[in-house]
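The values are calculated or read from the model by the stated rules, or taken from the named source; none is laboratory data. In this text the structure is predicted, and so the values were computed from the model without any measurement. Every residue, glycine among them, receives a Cβ derived from its backbone with ideal geometry; neighbour counts consider all protein chains shown. Just the protein is used for accessible areas: all its heavy atoms, side chains included, with ligands, DNA and RNA removed. Shrake-Rupley method; radii C 1.70, N 1.55, O 1.52, S 1.80 Å.
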Amino acid sequence: MVATLAGFSDRVNTAARHLRTRSTLICAETHAPIPDAAILRGALNDYRDRLPTAADAWCVIEVTDASYGRDAGEKLEAYARAGVQQYVILNLRNRTAEVYLTPDRAAGTYPLPQIVAADQVLDLRVGEDEFFQVPLANVLA
């Protein structure tokens, strides 16, 4: 699944953003998860001397099956508290994507997610008001 996401990097990557898989993302002084994928501001070379932070992330993606409870629980709260503007859970159990937007940092929550079915298009945030559209079936393949 992560390899499938990485396959989109040639279409996502520009001088202004890049897709990174399985790399540390600093969310707080004591919390640095390794999301399955993240779309980050800037080029890969911009992070040669530092780790990306939640403020650098346009979108954070977790692929879940057995880890759903953790991804929809403690990770969701941590990403919300860190201010991640789009958090996507790719749920392999029911072949959907849960898209969380506009976090409440103080509460560590997001409003109810948009549920994207396998036959629908997933919009991944890649800029301020810019989205990369990909059929969810292509990501779940």
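I'd like the full set of residues that are of a type in the set (Val, Ile, Thr) and either open to solvent by 20 Å² or more (accessible area, probe 1.4 Å) or in contact with a helix residue (DSSP H, G or I) (Cβ under 9 Å, 6 or more places away or on another chain) (or both), limited to region 90-141.
The answer is Thr96, Thr102, Thr109, Ile115, Val116, Val121, Val126, Val134, Val139.
For Asp36, are the conditions met, namely being among the charged types (D, E, K, R) and either surrounded by fewer than 17 Cβ atoms within 10 Å (Cβ to Cβ) or within 18 Å of Ile115 (Cβ to Cβ) (or both)?
Judged against the criteria, Asp36 is not a match.
For region 19-54, enumerate the residues that are of a type in the set (Gly, Ala, Ser) and closer than 20 Å to Val99 by Cβ.
Ala37, Ala38, Ala54
Run down Leu90, Leu76, Leu40 and say which single residue is within 24 Å of Ala15 (Cβ to Cβ) and of a type in the set (A, V, I, L, M).
Leu40
With the condition kept exactly as written, say whether any residue in region 76-85 is polar (S, T, N, Q), open to solvent by less than 90 Å² (accessible area, probe 1.4 Å) and in contact with a strand residue (DSSP E or B) (Cβ under 7 Å, 6 or more places away or on another chain).
Yes, region 76-85 contains a residue that is polar (S, T, N, Q), open to solvent by less than 90 Å² (accessible area, probe 1.4 Å) and in contact with a strand residue (DSSP E or B) (Cβ under 7 Å, 6 or more places away or on another chain).
All but one of (1) touching a helix residue (DSSP H, G or I) at 6+ places or on another chain (Cβ under 6 Å); (2) surrounded by fewer than 22 Cβ atoms within 10 Å (Cβ to Cβ); (3) over 17 Å from Arg105 (Cα atoms); (4) modelled with pLDDT of 95 or more hold for Glu62; which doesn't?
Tallying (1) touching a helix residue (DSSP H, G or I) at 6+ places or on another chain (Cβ under 6 Å); (2) surrounded by fewer than 22 Cβ atoms within 10 Å (Cβ to Cβ); (3) over 17 Å from Arg105 (Cα atoms); (4) modelled with pLDDT of 95 or more, Glu62 fails exactly one: (2).
Show the residue pairs meeting these rules: Cβ distance below 6 Å; 6+ apart or different chains; first residue within region 123-141 and more than 18 Å from Ala16 (Cα to Cα) and modelled with pLDDT under 95; second residue open to solvent by 20 Å² or more (accessible area, probe 1.4 Å) and of a type in the set (Lys, Arg).
Listed by first residue and then by second, the contacts come to Leu140/Arg95.
Residues of region 38-61 being touching a residue at least 24 places away in the same chain (Cβ under 8 Å) and of a type in the set (S, T, N, Q), which ones?
Thr53
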